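Notes follow the structure.
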């Protein structure tokens with residue numbers, strides 16, 4: 001049922017927009033009572049967070065294979081972030097979220113940060129690389145996992161809103177290395 005509700009919310013949002021999405025509309029589209037929605041979600045924001053998480057999970061799966069080309073966890077983190085942001089920006093399936101993120105930044109940023117622990121590894125495809133770097137002692141002392149994830153999401157959200165992203169991939173990757181690596185890794 002939870003999956004049906006998330007799918008119904010996504011389809012409704014794609015057709016009519018996030019602003020028109022209501023829990024009643026989602027329940028009707030999923031073919032259940034509104035009380036069923038409340039078994040899984042306390043409010044619309046939680047439901048939208050689940051929709052966002054689902055869409056990001058799909059995106060993360062597509063990026064994981066691409067990152068296997070690099071052995072260095074530092075390069076995997078940089079490339080994972082870059083690939084996630086460019087895929088997020090370029091994906092027709094996520095156009096609605098990208099538009100809403102720019103227009104109503106606070107609401108979706110709050111949702112994104114609320115789901116931080118659950119979606120970060122999928123969003124940036126960093127789970128394996130990050131875990132390996134932590135185990136090898138390559139990360140800076142005193143920087144928590146949450147600090148790293150928040151920093152990557154902050155940088156990622158800023159990149160999503162740049163209209164020139166993708167114009168010069170090598171320059172953008174170099175910039176990300178300069179922005180991310182010294183903040184996360186010992187010896188940059």
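Read-outs: derived from the displayed coordinates by stated rules, not from any lab. Please read these numbers as outputs of a predicted model, since none were measured by experiment. Note: ideal-geometry Cβ built from the backbone for every residue, glycine included; neighbour counts use all protein chains shown.
Some notes on this structure:
- The ranking of 28, 136 by Cβ neighbour count inside 10 Å, starting from the fewest, reads 136, 28.
- Contour minus Cα-Cα distance for residue 170 and residue 15 (0.36 nm per residue): 52.2 nm
- With 0.36 nm allotted per residue and the present C-alpha distance subtracted, the residue 57-residue 183 stretch has 42.8 nm of extension available.
- Simple spin-label estimate for residue 25 and residue 162 in nanometres, 7 Å along Cα-Cβ: 3.4
- From the alpha carbon centroid of segment 124-175 to that of segment 31-88 is 15 Å.
- Under the Debye formula (equal points on every Cα, no solvent term), log10 I(q)/I(0) of segment 1-41 at q = 0.15, 0.16, 0.20, 0.30 Å⁻¹: -0.27, -0.30, -0.48, -1.02
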